[in-house]
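To start, the structure itself, in structure tokens.
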Number of protein chains: 2
Amino acid sequence: MRAIRYIFLCFYLFFFCTELNAQQLEWLEVEPGIWKTTIGNPEQYNLLTASGVVPYHEGLVRLEKSSFPLSKSDITAKVVDGKTYLKFPLDKTEQLFGFGLNFKTVNQRGKIMELHVDHYNGSDNGRTHSPTPFYVSSKGYGIFINSARYLKVYAGATVQRDSKNPPKVQDRNTDPDWNPHPYSDGVEILVPAEGVEIFVMGGPTAMNAVQRFNLFNGGGCLPPRWGLGFTQRMERLTDADGVYKEAMAFEEKGYPLDFIGLEPGWQSKSYPNTFEWDKKRFPEPEKMVKELLEKNIRLNLWINPYVSPDAPFYKRLFPYTASHTVWAGVVPDLNTDSARSLLFGALEKNKVSIGISGYKIDEVDGGDGYLWPDLATFPSGISAEQMRQTYGLLMQRYTTKLYQDRNVRTYGLVRGSNAGGVSFPYVIYNDYYNHQDFITALINSGFAGVLWTPEVRASSNPEEWVRRFQSNVFSPMAMINAWASGTKPWTFPEVAPIIKEFALLRMQMMPYWYSEFAKYHFEGIPPFRATNLEQGFQNITPVKETKNDNLEENPYAKAITREIKDQYMAGENLLVAPMFTGQKSRTVILPKGKWFDFYTGKYVGNGEVITTIPGLEKIPVYVKDGGIIPMTKPILHAPKASEKIDIEFRYYGSKPGIYQLYDDDGETYNYEKGEYSVRAIKISKINNKLVGSISVAQKGKPNSINKITYKMMTP
Amino acid sequence: MRAIRYIFLCFYLFFFCTELNAQQLEWLEVEPGIWKTTIGNPEQYNLLTASGVVPYHEGLVRLEKSSFPLSKSDITAKVVDGKTYLKFPLDKTEQLFGFGLNFKTVNQRGKIMELHVDHYNGSDNGRTHSPTPFYVSSKGYGIFINSARYLKVYAGATVQRDSKNPPKVQDRNTDPDWNPHPYSDGVEILVPAEGVEIFVMGGPTAMNAVQRFNLFNGGGCLPPRWGLGFTQRMERLTDADGVYKEAMAFEEKGYPLDFIGLEPGWQSKSYPNTFEWDKKRFPEPEKMVKELLEKNIRLNLWINPYVSPDAPFYKRLFPYTASHTVWAGVVPDLNTDSARSLLFGALEKNKVSIGISGYKIDEVDGGDGYLWPDLATFPSGISAEQMRQTYGLLMQRYTTKLYQDRNVRTYGLVRGSNAGGVSFPYVIYNDYYNHQDFITALINSGFAGVLWTPEVRASSNPEEWVRRFQSNVFSPMAMINAWASGTKPWTFPEVAPIIKEFALLRMQMMPYWYSEFAKYHFEGIPPFRATNLEQGFQNITPVKETKNDNLEENPYAKAITREIKDQYMAGENLLVAPMFTGQKSRTVILPKGKWFDFYTGKYVGNGEVITTIPGLEKIPVYVKDGGIIPMTKPILHAPKASEKIDIEFRYYGSKPGIYQLYDDDGETYNYEKGEYSVRAIKISKINNKLVGSISVAQKGKPNSINKITYKMMTP
């Protein structure tokens, strides 16, 4: 037997190696400005098949044309020892962004990481909630590796002996500038599979490459309007009475509230879960959901996918579960029809069917300490590794489908995602609770094809509470997560007025946020993203500083480049520079062009480093010259589909301004069939006076605008 | 082409899977108490073939017999997706030790790690200098996986759905004792290869399993006598004059000195290296070595294996080097004869050949940031991963051979090792400089088949200096490493007398250390090891404490078991309990049986927890009841082969004492041919008086003993 097997192995290897060594990479333009090549035998199961998304072709067609952005001969690939080795070129000045949702660094050049879905644990080593195998170069192109394996990435950290651009050889004995990390001319990636497909995203700008990636993944999600309001997650063991009281308290105190999150205690048992309402805490869920909906408040339910023996569908599910359990619950194999119909059937019944607005999907990321191990097996034959890389995608895909089937939008939370998840209406969150790093994650989310919320939990003092809350308002989901602490917006009475002001500001800005998310969907522009993607930002050189040159403490001391990771773009026109506890002032690096204070409209600077002392009452926010921010009144709930709202267009600066205001019913997928409108707002100088105008409403298209006013902010 | 390849692949997979699913594990007793099984197609290149060691059969035969220590049907293995999945049973109370040189934990149960040769970086995650794939159970058996791959280990951290011993299902909503880490009934190991060989080491005790592992790997190393003296490593750019002055200073001030280490500056260029003496700093190396040897002082040379274009053999070596460079130096493929003969030829010529006593082999461990990447290729066809796991072994193997060929022993330093390296005369060191964790590493070295030195570098104050020095004296290599700081033993004059006392104590204890290393070689007993391996220790239950039960800060809070990781056994009779900076007192857990103070001979306790307040002048050391410690005079250099020494046998307690004193020429490998002697020292009570005796010297065997005295220490 062994001999026969061996003969076949030899034949196989012979043909295999012969072909691969000879292979030249062939690039096919699969969408405008997107080229694909196939190396070896790519696996059938990958990030795109797991997510089931299709490119948003119409969006891609609208983008500026691009030629292949690299020298084709500089991209090499081979299959060795059952693994695929890739190399992409890298010049001396290039910066690299992406490789997933990193929390501490923006420029990933020089990093070594293993892209691995996991709970973020304090180190940008590839283990994160969305380790998206996509990177963008400051030179204006992107690379996407469509693999559901753990990819080992050397992002300019390796030196090939036969390199055409070798680093210089130094003598450490005598050269004080001896470099422990010599110049590397390539990004090398190890794919632990006998082949893979890769995509090159053209530019000409880095933003264009990001847009192409997002559109190729179906375009960004467009949340329902209410998703962009305010949400409060309740203490884990609350009951229906607690929910009513919470809703009432928000109303009475005048704080906005669009949806309430219920944590594990809505179920009869959790960790592992029954997916059944607890009859004592929630005796009449349907009635409760209905009554809250009448007040324009929705409910979102926490879940993780690990099924308790007490779940009604446990026995039927059992054959379609993994070899290993998680918290003694079985793990549904979401690549089998049977497991899917049972799990998502349970999520539909008495939940989506009675009006539950969405889910918070926990623990589909990791950590290793509780998830299935890499040597678990699944009935579908998909490996534990591939399941780990895609479980969050699968959960998003099929919960989203529950809503798509009803033509109702959802907006929820998830703790694990990956490439392919761009279009799913989910925001990533986690338990790692560092405000500064949360902002860096928000920056990097724009490179990773995901949304991220710097959610607010408990704070140890009023200052921290205010600072975290202010950032949270300028993010994809404005949320207090009180699952463990029971924190309310008014928990620190001494600063409650500031909190209320920002909660209401979130609501006022809803027309802006909604239009900016429409750009995410239709144009692939991330609503929250790095200032590095802003034109005119690249010219500001980061400062170089050396960390520690004590040989004994740091024998491989390296010059550290300080980078900008505490300011970000929020939509087309805003630059946000959060304040952190203890800070009285901070510096902000403004891209070229004039910038204006969001609150006062005053000019602050142009392509320079400014220092601001905003006081506790303000988070520094700046508006581009000519920027228009559409605002509404300080409402307590997002407007309903039929509701009309007043809009005030705030205008900053002196340049002629134009803004595309997006509108649709805010609740259904009808926009996909063209049921939306875009109206152009213009501010121009006529007879030395600023005058606003708006294009006429398109006939037969959604129009939720009531009264319009213009406010010229800049004095 | 692709179709043909595919057909062969299908045939191959068909035969492959058929065979493996049907496979029953067959166990063959390959040495007394050691069983081997083979799963799938093990790779030809593994830890044992890389190190080239053969079992020390005579030693194994002398051990107590053992039956197969586990239920054979509880060990399972299968090959899935090109990887081997192993499972070993684990009962509820079992503790697991080993899995390499860990620095923070002793009991590894519950851990998930990827065994990967690397520089230790602060976390016991499998990345360490010797990630030995061997573990020992408190139930008295050991498991060794002979693979040079990165093994993923789940040490009791996984739960199989179909387990016969499943954990209980809990409801987190209502159960305050909900366990985020349910009971796991197995150790699962993923070997990323299509087969592997594994070995089970019988007991009956955990110590026996350790002995079998060490003897199976050739038996522990027996250093030359001078290796157990004192060594000073000099500032990296010192010259010959500096070396002479250093030797003189030690002599004049009365500090012992057996060998001096030269750091990178002995070479004309370093990082990458020329392996040539720098002509300015060392114009006459042969003369220098000779003159120092006349003073009984040896020289050891730092190297790493990365070769500079300025090395004379660079061009000839080039074809036999890796695809990637390290610090712009080429990486010799040590699995090719050509690379070996060039590199080790350079290490022989003008170095070993003129009397250099050994090497310090740096940077064969990692980190990833400078070593070759996992997608490097080597001319021998051995993968980058396998090279990473074995490079330290290969360097040790072939440098040792240079000395074996001359019938001269060496004793050096290395930063990377693995299973298979037990018999190599090298001690591991690193740049991670935490005194407490250094002691935990010393404990774990005894489970990992390696030696480890808690070397002393610079200290920030006299107390730290003394405390580190005291621990260092009770370790495999007593060393100051001044490569960056230039520190001397007398750097802190206020505590210099204490330092000198302990440096001289190291020399006085040389007969003890030498006999204890003989036990490492002949019996496989690690000279430095956990008190857990001591009989009567297991009964003391560690305290359970919960770390943090704030749900928000620690959502998966777990009861933490406090473990004993700051005391260790040094040879047969000593228990060492180091003091750390800032401590005035400490507790020591004594195994059952009476224990006595090393310095005063006074009784201190029996199977209990004692508290000691030793003052800065002492490191707490305790002696077993009946323990005998052979000591000599406070000499400045190890005795030469022909030299005779006086021995004082110190006796502690009241039980009849016996000690096996080992003797040989101290310098050659002649002991392997039987040229050694073991003399039995006995202390017995005759007429109520303690009387010492020694067996007669064996005729024609080495005997370096001059005058003998006995000292009854216990008052």
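Where a number appears in this text, it was derived from the coordinates with a stated rule and is not lab data. What you are looking at is a predicted structure, and each value in this text was computed from that prediction instead of being measured. Positions of Cβ are generated from backbone atoms using ideal geometry, with glycine treated the same way; all protein chains shown enter the neighbour counts.
Using only atoms on other chains, find how many Cβ atoms lie within 10 Å of each Cβ of peptide A:316-329 and report the average.
Working: counts 0, 0, 1, 0, 0, 1, 2, 6, 9, 10, 3, 11, 10, 4.
The per-residue average across the peptide is 4.
Using the 10 angstrom Cβ neighbour count as an exposure proxy, how do A:LEU292, B:LEU215, A:LEU616, B:LEU334 rank, fewest first?
Values: A:LEU292 22, B:LEU215 32, A:LEU616 14, B:LEU334 25.
Fewest-to-most ranking of A:LEU292, B:LEU215, A:LEU616, B:LEU334: A:LEU616, A:LEU292, B:LEU334, B:LEU215.
Over all distinct Cα pairs, what is the inverse of the mean 1/r for the range B:391-455, reported as the Kirkwood hydrodynamic radius in Å? Numbers along the way, then the final one.
On the way: mean 1/r = 0.0809 Å⁻¹.
That comes to 12.4 Å for the range B:391-455.
Given bins 10 angstrom wide, list per bin the percent of all Cα-Cα distances in the range A:446-517, short to long.
Whole-percent P(r) values from 0 Å outward: 19, 50, 25, 6.
Within 10 Å, count the other beta carbons around each residue, average over each peptide in A:113-125, B:259-271, and list them highest first. Could you put the intermediate results ahead of the total?
On the way: A:113-125: 20.7, B:259-271: 24.7.
Put in order of decreasing packing, that is B:259-271, A:113-125.
Where in chain B are the DSSP H helices whose alpha-carbon span along the long axis reaches 24 Å or more and whose Kyte-Doolittle mean is at least 0.5? Provide the component values of the computation, followed by the final result.
Details: long enough: B:2-22 (30 Å, 1.13); B:384-404 (29 Å, -0.94).
Membrane-span-like by this rule: B:2-22.
Which stretch or stretches of the range B:611-629 have amide N atoms under 11 Å from the point lying 7 Å from B:THR709's Cα along the Cα→Cβ direction?
Within reach of a label on B:THR709: no residues.
For labels at A:GLU26 and A:GLU251 in the simple 7 Å Cα→Cβ model, what's the distance in nm?
6.6
Calculated from DSSP H runs of 4 or more alone, at -39500 (n - 2.57) each and per residue, what is the 222 nm mean residue ellipticity of chain B, nearest 500? Walk me through the numbers before you get to the answer.
Details: 13 runs with 157 residues, N = 715.
Taken over chain B, the calculation gives -7000 deg cm²/dmol.
Hey, can you grab everything whose amide H is under 5 Å from the amide H of B:MET631? Only 5+ residues off in sequence or another chain; H modelled, so Pro and N-termini drop out.
Hits under the 5 Å cutoff: B:GLU648, B:PHE649, B:ARG650.
Using Cα centres only, tell me the gap between the range B:258-284 and the range A:658-681 in whole Å.
The range B:258-284 and the range A:658-681 have Cα centres separated by 73 Å.
Can you list residues whose amide H is under 5 Å from A:THR581's amide H, if they're 5+ apart or on another chain and H is modeled 1.01 Å from N?
none
Could you rank the peptides A:679-689, A:150-160, A:597-607, A:705-715 by their average count of other C-beta atoms within 10 Å per residue, with the highest value first?
Numbers: A:679-689: 12.7, A:150-160: 23.5, A:597-607: 16.5, A:705-715: 14.6.
The packing order, highest mean first, is A:150-160, A:597-607, A:705-715, A:679-689.
List the residues, sorted by chain then number, that are 5 or more residues from B:TRP452 or on another chain and whose placed amide H is less than 5 Å from its amide H.
Placed amide hydrogens put B:ILE428 under 5 Å from B:TRP452.
Considering only the other residues whose Cβ falls under 12 Å of the Cβ of A:PHE502, what net charge follows from Lys and Arg at +1 and Asp and Glu at -1?
Values: positive: A:ARG467, A:ARG468, A:LYS500, A:ARG506, A:LYS618; negative: A:GLU501, A:GLU617.
Result for the local shell: +3.
Using only C-alpha atoms and all pairs of different ones, pull out the Kirkwood radius for the range A:229-514 in Å with one decimal.
In the range A:229-514 this quantity evaluates to 19.5 Å.
For B:GLU672 paired with A:SER585, estimate the spin-label separation in nm (one decimal), with each label point 7 Å from Cα along the Cα-to-Cβ line.
7.3
I need B:GLU197, B:GLU385 ordered by Cβ neighbour count within 10 Å, fewest first. Intermediate results must be reported in sequence, preceding the final value.
Details: B:GLU197 18, B:GLU385 21.
Least to most surrounded, the residues fall as B:GLU197, B:GLU385.
At a Cα cut-off below 12 Å, give the aspartates and glutamates reachable from B:LYS655, other chains included and same-chain residues fewer than 8 away excluded.
B:ASP625
Based on the alpha-carbon set only, what is the convex hull volume of the range A:628-712 divided per residue, in Å³?
Details: hull volume 8.3 nm³, N = 85.
Given the Cα convex hull of the range A:628-712, per-residue volume reads 97 Å³.
Excluding residues fewer than 8 places away in the same chain, name every one of the lysines whose C-alpha is closer than 20 Å to that of B:LYS315.
List returned: A:LYS164, A:LYS168, B:LYS269, B:LYS349.
What order do you get for A:VAL54, B:VAL289, A:VAL169 when you list them from fewest to most C-beta neighbours inside 10 Å? Mind dumping the intermediate values first?
Values: A:VAL54 11, B:VAL289 21, A:VAL169 17.
Result, fewest neighbours first: A:VAL54, A:VAL169, B:VAL289.
Could you work out how far the C-alpha centroid of the range B:381-413 sits from that of the range A:147-192, in angstrom?
Taking the Cα centre of each part, the range B:381-413 and the range A:147-192 sit 26 Å apart.
Using the Karplus curve 6.51 cos²θ - 1.76 cosθ + 1.60 with θ = phi - 60°, what ³J(HN,Hα) values do you get for each residue of the range B:593-608, in whole Hz, with x for Gly and Pro?
Here the 3J(HN,Hα) series is x, 6, 10, 10, 5, 4, 7, 10, x, 6, 5, 10, x, 8, x, 9 Hz.
How would the range A:186-286 be classified by its alpha-carbon gyration tensor: rounded, prolate or oblate, with rounded meaning a/c under 1.5 and the a/b versus b/c comparison settling the rest?
Details: a/c = 4.03, a/b = 1.93, b/c = 2.09.
Oblate.
Tell me whether chain A comes out rounded, prolate or oblate; compute the Cα gyration tensor, take square roots of the eigenvalues as a ≥ b ≥ c, and use a/c under 1.5 as the rounded threshold. Could the numbers behind the result be given before it?
On the way: a/c = 1.59, a/b = 1.15, b/c = 1.38.
Cα axes put chain A in the oblate bin.
What Kirkwood radius, in Å to one decimal, follows from the Cα pairs of the protein assembly as shown?
Numbers: mean 1/r = 0.0289 Å⁻¹.
About 34.6 Å, per the Kirkwood formula over Cα pairs.
Treating cross-link reach as a plain straight distance, find the lysines whose alpha-carbon is under 21 Å from the alpha-carbon of A:LYS707, omitting any fewer than eight places away in the same chain.
Within reach: A:LYS633, A:LYS640, A:LYS644, A:LYS682, A:LYS699.
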